[in-house]
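First comes the structure, then the notes that go with it.
Laboratory data are not the source of any read-out in this text; all were calculated from the coordinates shown. Fair warning: this is a prediction, and the values are worked out from it, not measured in the lab. Reconstructed Cβ throughout: ideal geometry from the backbone, glycine too, with neighbour counts over all protein chains shown.
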Amino acid sequence: MKNEQGTILHVDNVTMRFGGVVAVNGANIRLRRGRLAGIIGPNGAGKTTMFNLISGVYTPVEGEIRFKDQAITGKSPDEITHLGISRTFQNIRLFEGLNVYDNVKMAASCRSEYSFLEAILGLPKVWKLEREVASEVEYYLDLVGLSGYEKVWPENLAYGLQRKLEIARALASKPELLLLDEPAAGLNPTEVQELMEIIRHIHKELDITILLIEHHMDMVMSICEELWVMNFGAVIANGDPESVQQDPEVLKAYLGS
Amino acid sequence: MSSYLTSVLIFTGINLIAVLGMFLLMGLTGLLSFGQVGFMAIGAYAAALGYTKFGLPFGIGLLIGIVISLLVGLVIGTVTLKLKNDYFALATYGFSEVIKNVLIYFSSFTGGSMGVFGIPASVTLPLVAVIFLVGLVITRNFKVTKLGRNSLAIRNDELAAQVMGINVFKHKLSVFLLSAVFGSVAGSLLAFATYYIEPNLFDWNRSISLIVIVFFGGINSLTGAVTAGLALTLLPEVLHFGAEWRMVIYTFIIIVTMIFRPTGLFGRWEISGRQMMDWFRNRGQRSAARGRG
C-alpha cells in the first residue's frame, strides 16, 4: 500500500468569515491516512464550519485544503465526494422520498458507469450495473445493522437508526476519508456504546480514515487516536486524547478562566 | 370505434405524453415549470410549418421540433436552473409567454395570431399509442435507475444530494431537456391531429393542467400521473364539460387534494408485474381454498 503513514488531509491556514463573524481563523490540520481522529470544542467553535469547508459546502476566504496531495479548495461538494471524501450531517439529512434501501443505493450508484441515454433506453448494461450495486447496498446496510429495514421510509425510523442510515449512505459512496458530524448527538447511552462499536468496526474493516466531531467526551476519549481542539475558530491544541485532556489551553476553553 | 371516440383518445394520448414530461420534471425532480407549453408550441409549429412551408413529412418536422426544443431548452435551462425553484417557475412562465409572442410577432412566417392552416390531420391512434408507450418505458426506466434516485434526492434535499456526489445542475439540465423533448413531441402530434394551430392553443393554462394532473395523481407515482392524466382528460370530454369550467374543476381538485391527500391520490404506489402476479396467485389460492371448504 502506498504512503501508508502519509498525510491524507492538509488544512493549511484556513480562514472562513461570514460577514463580520470569523467562524474559522487560520486553522491547521494534518490528518494521517488511516487515523480515527476527532475534532472537539465548545459550541460555536467552528467545528461544523470546518467540515463544510473540507466537504466543499463553503469555500475558504483564505488558506488551502489538500486531499491526497491535491488542492480541493474551491471544488464543488460533488467533485470532492468523487475524489473520496464523504460525510454525515449534524442535523440528519436523509432523503425522505427514498426508502432506506434507495437512500444507500443513491449514494452507491452515483458513480455507476452508465449514461443518461443508456439509462432511459434501458440497455442491458444498466440492469447489470444496478444488480451489482444492489449487493453493495446490502453490505453497507448490514455493516451498520440496518438489514431488514430496506423498505422502511427513513422518517419512520427511530432516531438512532436514522443516524446509522446516514453513516451507511456516506460509506456507500466509497470514501477514503469519512467525516462524521456529531454521530452520537441525541442517542441514549446504550446507542452510543453501539455506535462506538460500529465506528471502530468500520474503521478496521474498510481501512478508511475517519474524522469525527463529537461532544460525548467518553466516546471521543475512548475511540479517537488523535484530537484537535477548536475554540473561537482556532485550533488551540492537537495530540492524543490524554495529552489534550491535560492541556491548559483546553481546560481554559472548557472550564473558563 | 366511432371517429369521435378515436379523436378523444388521440388527444388524451397526446396529453399523456406531455404529462410524462411534467412527471419527470415536477414529480420526480421537484422543478415546477410553466414552460412545458412553450416546448409544445415549438414542436407544433416546427411540424406544422415544416409541412405547410417546406412540404416536409410529419416525421422530419417532429425531429426538427425536437432539435429546436433541445437547443432552446439548453439555453433556457442553463440560464434558469441555477435559480431557486420559485424563481425558476417564474422564469419558465416568462419563457412560454415569450414563445407565444414570438409566434404572434413574426406573422409573415408563422401566420401570427391567425395561426397555421392546412395541416393534414394524419396522426392516427396507433401512432399516438406507440409513441406514448415508448415514452412510458423511458419514464419508467428513468424512475427505477440512478436517474430517478438522483432526482428524488435533489427534490428532497439539494445540499445533501450534492454532498452525496450528484452534480445537481447537470442532472436538472438533463431532466429539463428530456421533458422538453416530451413536450415537443406532444406538440408536433397535436398539430397533426388538428387541421389548424394558433398561438393561443399554447396558453399557460395548458402547463397548469399538466401540473394539476401530476399533482393529483401523486408526484411520486408514475401510475398515478398516467391514471390522473387519463381521468382528467377523458372525463370532461365524455361528460361534455365545457372548457370554461375545466379550470374551476382543476382548482377545486387541487384544493381538495392538498387538504385530504397531500401526497396525491396514489402516493408512492406503483403498479408492478410482480404485484399483479401475486394478486392473481392469491386469488387462485383463495378460490381453491373455497372449493375445498
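Okay, here's what the table says:
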read-out: Residues of type lysines that B:LYS82 reaches as a straight line, Cα spacing below 18 Å, ignoring anything fewer than 8 places off in the same chain; value: A:LYS75, B:LYS170, B:LYS172
read-out: Computed P(r) (all Cα pairs; region B:41-121; 10 Å bins; percent); value: 17, 42, 29, 11, 1
read-out: Cα centre as origin, Lys/Arg/Asp/Glu Cβ charges: the protein assembly as shown dipole, Debye; value: 1720
read-out: A:SER147 paired with A:ASN91, simple spin-label distance in nm, labels 7 Å along Cα-to-beta-carbon; value: 3.5
read-out: Mean separation of Cα contacts under 8 Å, 6 or more apart, over the residue count of chain B: relative contact order %; value: 31
read-out: Gained length - A:PHE18 relative to A:HIS215, 0.36 nm times residue gap less alpha-carbon distance; value: 68.5 nm
read-out: Förster radius 30 Å - calculated FRET efficiency between A:LEU123 and A:ASN28 (Cβ-Cβ, nearest 0.05); value: 0.05
read-out: Per-residue Cβ neighbour rank within 10 angstrom, fewest leading, B:ARG283, A:ARG32; value: B:ARG283, A:ARG32
read-out: R0 of 51 Å, Cβ-Cβ distance B:LYS53-B:TYR87: FRET efficiency to nearest 0.05; value: 0.90
read-out: Alpha-carbon radius of gyration plus Dmax, which is the widest Cα pair, for region A:93-174 in Å; value: 13.0, 40
read-out: For B:ARG261, B:ARG149, A:ARG33, order by how many other beta-carbon atoms lie within 10 Å, fewest first; value: B:ARG261, A:ARG33, B:ARG149
read-out: Selected from B:GLY21, B:GLY224, B:GLY273 as most flexible by GNM, with chain B as the system and alpha-carbon contacts under 10 Å; value: B:GLY273
read-out: Neighbour-count order for B:ASP203, B:ASP157, B:ASP86, fewest beta carbons within 10 angstrom listed first; value: B:ASP86, B:ASP203, B:ASP157
read-out: Charged-residue dipole, Cβ positions (Lys, Arg, Asp, Glu), chain B about Cα centre, Debye nearest 20; value: 1220
read-out: In nm, spacing of pseudo-spin labels at A:GLU113 and A:GLU197 (7 Å Cα→C-beta vector); value: 3.9
read-out: Calculated P(r) tail over 20 Å for region B:148-257, as whole % of Cα pairs; value: 55
read-out: For region B:3-292, the fraction of alpha-carbon pairs in successive 5 Å shells from zero, as %; value: 1, 6, 11, 16, 18, 16, 13, 8, 5, 3, 2, 1, 1, 0, 0, 0
read-out: Additional length obtainable on full extension of the chain from B:PHE169 to B:THR263, 0.36 nm per residue less Cα span; value: 31.3 nm
read-out: Dimensionless Rg/Rh of the protein assembly as shown - Kirkwood Rh, Rg from C-alpha atoms; value: 1.07
read-out: Helix axis angle, B:204-217 relative to chain B longest principal axis, alpha carbon, degrees; value: 10
read-out: Positive-pole candidate from A:HIS215, A:VAL192, A:GLY233, dipole of chain A, charges at beta carbon; value: A:GLY233
read-out: Cα-centre dipole for chain A with unit charges at Cβ (Lys and Arg positive, Asp and Glu negative), debye to 20; value: 460
read-out: DSSP bridge pairs, the protein assembly as shown: antiparallel proportion in percent, nearest 5; value: 55
read-out: Cβ-Cβ FRET estimate between B:VAL137 and B:ILE254, R0 fixed at 30 Å, reported to 0.05; value: 0.55
read-out: Euclidean distance of C-alpha centroids, region A:185-221 and region B:111-167, integer Å; value: 44
read-out: Among B:THR145, B:THR124, B:THR110, residue whose mean-square fluctuation peaks in a GNM of chain B (springs only between Cα atoms under 10 Å); value: B:THR145
